[in-house]
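Scroll down for the structure; my scribbles are underneath it.
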Amino acid sequence: MSEFIGPKRGPWDGEPRPLYLAPMSGVSDLPYRLLVKECGADTTITEFTNSTALTREAATSWRRMETHESEVPFIPQIFGGDPGDMATAAEMLAPSADIIDLNFGCPAPKVTSICAGAALMGEPDRLVNMVETIVNRVDVPVTAKMRLGTGKAPNNSTEICERLEEVGAQRLCIHGRTLRQRYAGVADWSSIKEAVERVELPVVANGDITDAVSAAACLETTGASGLMIGRGAIGRPTVFADIKVGLGWIDQQELPWVRQHENWENLSETGQAFASRKWCWDRYIALSEATVGIHGKWMQRHAIAFTKGLPGAKKVRSLMHQEQSDRGKAEAISRFLGRPA
Ligand SMILES: Cc1cc2nc3c(=O)[nH]c(=O)nc-3n(C[C@H](O)[C@H](O)[C@H](O)COP(=O)(O)O)c2cc1C
C-alpha cells in the first residue's frame, strides 16, 4: 500500500482524520493546492483533465497537470469516456504522479455526453472495466471519485465500490449526491456510510462539509477515513485549519496568520477575516511566483473569491482594472486586504 493512501478507519471517536481539497476545475490550480496545504489540508488533487486531450498532447490540458517538486503527493485527476485514452493518459502521467485519480462524478453535459464523468455510474460494467484496465497499465495507485448514482436508477455507489475494490482501486471518494441532483439538495452521508461499511478500502466522504460542525457530523455519520472539502474551500483556504482547530486537532496559536498578530483575540470577526485572507493572498502570490508564475486568469478568480463577503469587496474588480500588470493587480488585492474598511 502506498504511503499516500492511508489506512481504512473504523467508527470515528474524535481523532484526526485526513482532510482533502476537492478537485475543482478553475479553482485547484497548483499554487492554490500548495496554499491549502499550508492552511491545514492534508492532500490535494488537480482539477479534472480530459484524457483524450492529454493523449493528443494538448498544451492547455497539460498546463492543468503542472506540478512542482514541493507538491507531495501529486495526484492528477483525469476523465474520459474512452478506456484506451484513459489508460494511455494514466501511463503518460504515471512517471510524475504518486496516485492517479479517476473522475466518475462530473455532471457537466459536455462530459456526460461522451459517457464520461458521472454518466459512467449508469454504465457500471464499463466503469469497472475502465478502472481495471488502468490499474493493470500503471504502477502507481489508482483511486476514484464518484457520486451516489445517476439518480435515474437506484443508487449503485456501494456496488461500484465493492467491484472497484476487487479490480485493485486503492481509495474511493463519494460525493453524496446523484448525477441528476448536480449540486442541488443536501448531500446524503448515510449512503456513503453504506459503502464505508462494505469495503475494506479507505472511503473519503464528500459533500456539504464547510466547518468543524459539519465535519464532525459527517465523520460521525459515515465513519469515513477522510473528508473532502470543495465549495467550502473556494476563497477560504483556511477552512481546513478552522476544522482542525474546531475539532481540537491543532492549536489555533500554531496558525501563521494568528501568530502574526499579538492580539488576534481582540480583532473583530471582520478584522480576523481580513488578516487571515491577506496572509493567504500573499502566500498564493508568492507560491505562484515560486512555481508557475502569476497566471492572470487564475489570480483574478481567486481575488474575487478571497474578497467575497468582505466590506468594500464590490470595488475589487475596479481595483484590478486600474492595474496593467498581473503583479500590479496582485498588489492591489494585497493592499485591499491589508487595510480593512
Ligand atoms: C467549481 C467546481 C469545480 C469542480 N470541478 C471538479 C473536478 O474537476 N473534478 C471533480 O471530481 N469534481 C469537481 N467538482 C466537484 C467537487 O469536487 C465536489 O465533489 C463537490 O463540489 C461537492 O463537494 P462540496 O459540497 O464540498 O462542494 C467541482 C465542483 C465545483 C464547485
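FYI, it's all coordinate maths here, none of it is from the lab. This is a predicted model, so every value here is computed, not measured. FYI the Cβ positions are ideal-geometry reconstructions off the backbone, even for glycines, and counts take in every protein chain you see.
Within segment 54-71, residues that are within 13 Å of residue 93 (Cβ to Cβ) and touching a residue at least 12 places away in the same chain (Cβ under 8 Å) have Cβ atoms under 9 Å from residues that are among the hydrophobic types (A, V, I, L, M, F, W, C) and surrounded by fewer than 15 Cβ atoms within 10 Å (Cβ to Cβ) in these pairs: 54/62, counting only partners at least 6 apart in sequence or on another chain. Per the listing 133, 158, 178, the residue uniquely hydroxyl-bearing (Ser, Thr, Tyr), more than 19 Å from residue 4 (Cα to Cα) and not in a helix (DSSP H, G or I) is 178. Picking from residues in segment 310-333 that are assigned to a loop (DSSP other than H, G, I, E, B) and in contact (Cβ under 8 Å) with a residue 40 or more places away in the chain, the one that is farthest from the chain's Cα centre (by Cα) is 311.
Screening segment 105-120 for residues that are more than 27 Å from residue 31 (Cβ to Cβ) and free of Cβ contacts under 8 Å to residues at least 24 places away in the same chain and picking the one that is farthest from the ligand (Cβ to nearest atom) gives 113.
The lone criterion from (1) at negative phi; (2) over 20 Å from the mean Cα position of the chain (by Cα) left unmet by residue 302 is number (2). Among the conditions (1) touching a Lys or Arg at 6+ places or on another chain (Cβ under 9 Å); (2) farther than 16 Å from residue 12 by Cβ; (3) within 16 Å of the ligand (Cβ to nearest atom); (4) not hydrophobic (A, V, I, L, M, F, W, C), residue 230 misses just one, which is (1). Filtering 152, 145 for residues that are surrounded by fewer than 18 Cβ atoms within 10 Å (Cβ to Cβ), closer than 24 Å to residue 206 by Cα and not hydroxyl-bearing (Ser, Thr, Tyr) leaves a single hit, 152. Strands (runs of 3 or more DSSP E) wholly in segment 25-115 with at least 3 residues that are within 20 Å of residue 227 (Cα to Cα) - which ones? In segment 25-115, the matching strands (runs of 3 or more DSSP E) lie at 100-104.
One line per residue, one yes/no per condition, for (1) more than 18 Å from residue 131 (Cα to Cα); (2) within 15 Å of the ligand (Cβ to nearest atom); (3) out of contact with any Gly (no Cβ under 9 Å at 6 or more places or on another chain):
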{"residue": "22", "(1), (2), (3)": "yes, yes, no"}
{"residue": "46", "(1), (2), (3)": "yes, yes, yes"}
{"residue": "55", "(1), (2), (3)": "no, no, no"}
{"residue": "71", "(1), (2), (3)": "yes, no, yes"}
{"residue": "88", "(1), (2), (3)": "no, no, yes"}
{"residue": "103", "(1), (2), (3)": "no, yes, no"}
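For segment 185-227, the set of residues classified as more than 15 Å from the ligand (Cβ to nearest atom) and polar (S, T, N, Q) consists of 190, 225, listed by residue number. Taken over segment 27-43, the residue count meeting the criterion of being within 12 Å of the ligand (Cβ to nearest atom) and of a type in the set (A, V, I, L, M) is 1.
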